[in-house]
Amino acid sequence: MKGVHPQLDLAPRHITAYTLFKKRVTGHETYIDISAIQQFEKKFPTIAKLCADNGVDIQHGLIPVAPGSHFLMGGIIADDIGRTSIPNLYAVGEVACTGVHGANRLASNSLLEGIAFGQKMAHTILQTGCKQYNFTVIHKAHQQAIPSLLAKEHLQQTMMHALGIIRNPQDMQQFAKQLPPLQTLQHVEISGLGQQELELYMMHIVASLMVNAALTRKETRGAHIRSDKPNKDRLWAQRWIIFEHGQMKVRNTLYEYHQTRGNAQAIL
C-alpha cells in the first residue's frame, strides 16, 4: 500500500484506518498498488467494475482507498463452545465475545474464529442435544409503543460522524441526545413491527449501546480512538463495559462465563 507505512505487512486495522484518516484530512490520498497482479479484472471482477463505475482507471496500477466503518467491538459473552448465559442460546463468530479478540478484531481472524468455535458448538449440540425443559417466557408489563426514531440514512450518517474513525465527546454527547433512552427501547412492543421497522429499531439499540460505551471509556484503545484522550489509560486495562437489562456496568471480569442457568428466565 503506497502512502501509509513502508513495511511489508499491513498494520492492524485501527492503525491503518487512523493513518488513512489523518492523510485524507491533509488532502493526501492513499492507494493500493495492484501493478504486480496479472489479469486483475478477471481475478477481481467486482472491484474492477466498482472502479469502472466510479471513473477509476486501474490500468495505472493504483486504486485509491479510504477508511470505512469498523465492526462493533465486544458482542454477546460466550464460552469456548458458544454457550451464553441463556441455556440453548448460542453465539458464535463476530456476534460473540469469547476472549480471542482484544480491542480490535484483526483482519481475517473473524473467519477463523467462526469456523473454529462453530465446529466446537456444532459437535456439542450433536452430543448433548438442544431440548429445553421448563422453558418460561416472561411477559413484560408496561410495553410501550415505538418512540420516534431517526431516519435510517440519517442514523447511518450520524453514526459515521460521531462513532467513526475518530471520536470526540461533543459529537457523541449530541448524538446520544438524539437517540431514545435505552430503557425506553427496551420496553417497546415489537410484535406488530414490520421488517423495516424492526431493523431500524435494532439499529437504534446498537447505536445507543455504542455511544454510551464510547462516552464511558475515556481513553484510546484499539479501534476506539478519542481525540480528547489519545492515549491508553492503565486504569481501563482489562475492564469491560457490560449492558445487562438495559443498565450499563463496568466490570473487571466477565463472570457471565460461569452463569449459565438451567432454566431460561426471559426471552427478548
Could you go through the stretch 6-15 and let me know if any residue there is at pLDDT 90 or above, among the charged types (D, E, K, R) and not in a helix (DSSP H, G or I). no
For the stretch 29-64, which positions are touching a Gly at 6+ places or on another chain (Cβ under 6 Å), among the hydroxyl-bearing types (Ser, Thr, Tyr) and either in a loop (DSSP other than H, G, I, E, B) or without any contact (Cβ under 8 Å) to a residue 12 or more places away in the chain (or both)? 35
Going through the stretch 182-239 in order, the residues found to be closer than 18 Å to residue 97 by Cβ, basic (Lys, Arg) and over 16 Å from the mean Cα position of the chain (by Cα) are 239
Filter the stretch 208-238 down to the residues that are out of contact with any Phe, Trp or Tyr (no Cβ under 7 Å at 6 or more places or on another chain), assigned to a loop (DSSP other than H, G, I, E, B) and in contact (Cβ under 8 Å) with a residue 40 or more places away in the chain, then identify the one that is surrounded by the most Cβ atoms within 10 Å (Cβ to Cβ). 223
Select, from 125, 81, the only residue that is modelled with pLDDT of 75 or more and part of a loop (DSSP other than H, G, I, E, B). 81
Could you count how many residues in the stretch 180-207 are of a type in the set (Ser, Thr, Tyr), surrounded by 13 or more Cβ atoms within 10 Å (Cβ to Cβ) and part of a loop (DSSP other than H, G, I, E, B)? 0
Where the second residue is assigned to a strand (DSSP E or B) and the first is surrounded by 13 or more Cβ atoms within 10 Å (Cβ to Cβ) and lies in the stretch 156-173, which pairs have Cβ atoms under 6 Å and are six or more apart or on separate chains? 167/226
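The values are calculated or read from the model by the stated rules, or taken from the named source; none is laboratory data. Predicted model, so just to flag it, every value in this text is computed and none were measured. Note that each Cβ is placed from the backbone with ideal geometry, even for glycine, and that neighbours are counted across all protein chains shown.
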